[in-house]
Each structure stands twice: as C-alpha cells, then as structure tokens.
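Let me begin by presenting the structure, written as structure tokens, before commenting on it.
The values are calculated or read from the model by the stated rules, or taken from the named source; none is laboratory data. The shown structure was predicted, so the numbers you read here are calculated from the model rather than taken from an experiment. Every residue, glycine among them, receives a Cβ derived from its backbone with ideal geometry; neighbour counts consider all protein chains shown. Quick note on the areas: whole protein, heavy atoms, side chains included, nothing else; ligands and nucleic acids left out. Shrake-Rupley method; radii C 1.70, N 1.55, O 1.52, S 1.80 Å.
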Amino acid sequence: MTSSQRKTLTSAASSLSALVIVGQSGLTDGIIQKIAKVIDDHELIKVKFNDFKEEKKELTDEICAKTGAECVRIIGNTAILYKESSDKEKRKHLI
C-alpha cells in the first residue's frame with residue numbers, strides 16, 4: 001500500500017467508530033472471527049485496544065495475518081484495518 005493510499009484510507013476512517021474492541025480476554029478466536037466478518041462487510045474498520053495497549057502492534061500484525069487485512073495505521077490505541085472486498089459491487093473504497 002502506498003503512502004497516498006494510506007492517507008486516503010486514514011481520512012476515510014476518521015468518521016468511523018471502532019466496530020471491534022479488544023478487551024480483557026485478548027485476541028481470542030471469537031474476536032478474530034468477528035473482525036473477519038466485519039471487515040468483509042465494511043472493508044475499512046477500526047479496532048480499539050482497551051487492554052493489551054502495549055502489545056497493540058504485535059496484536060494488529062496477528063489480526064492482519066489471520067484475516068488477510070492490511071494495517072493502514074495505528075493511532076493511539078486504535079488500529080485502522082483495510083481489506084478490499086472480493087465482490088466488486090460491494091467495494092466502497094477505491095484506492
């Protein structure tokens with residue numbers, strides 16, 4: 001992903017709310033499945049880390065590896081993730 005694509009997606013994500021929150025239980029299989037479903041539906045999502053704030057980079061890398069998403073940026077304790085929809089008609093963000 002190029003820097004201009006990251007900038008475009010970061011700008012598009014500014015108005016979004018976090019759809020998934022990683023809490024005390026950490027990165028469970030249920031959370032991974034939820035992220036996979038939500039990112040398939042929305043393409044661009046925010047994941048907030050309420051706990052495990054020190055490990056957010058490693059956890060974001062693990063989420064990306066397991067879901068096929070790309071990390072656009074981590075701002076504070078929130079990761080912005082993007083995965084292009086496989087259905088061309090569902091695509092919302094053309095980068």
Query raised in the report: Among the candidates 74, 80, 21, 32, which residue alone is in a helix (DSSP H, G or I) and hydrophobic (A, V, I, L, M, F, W, C)?
Result: 32
Requested in this report: Just need a number here: residues in segment 12-41 that are open to solvent by less than 30 Å² (accessible area, probe 1.4 Å) and either among the small types (Gly, Ala, Ser) or in contact with a Pro (Cβ under 7 Å, 6 or more places away or on another chain) (or both).
Outcome: 3
Query - So residue 62, is it outside any strand (DSSP E or B), modelled with pLDDT under 95 and not β-branched (Val, Ile, Thr) - result: no
Query raised in the report: How do the pairs read when you match residues in segment 4-23 that are under 12 Å from residue 34 (Cβ atoms) with residues anywhere that are open to solvent by 80 Å² or more (accessible area, probe 1.4 Å) and part of a helix (DSSP H, G or I), using Cβ under 6 Å and keeping only pairs 6 or more apart or on different chains?
Result: 20/34
Query raised in the report: Can you tell me how many residues in segment 42-60 are open to solvent by 50 Å² or more (accessible area, probe 1.4 Å) and over 17 Å from residue 74 (Cβ atoms)?
Result: 1
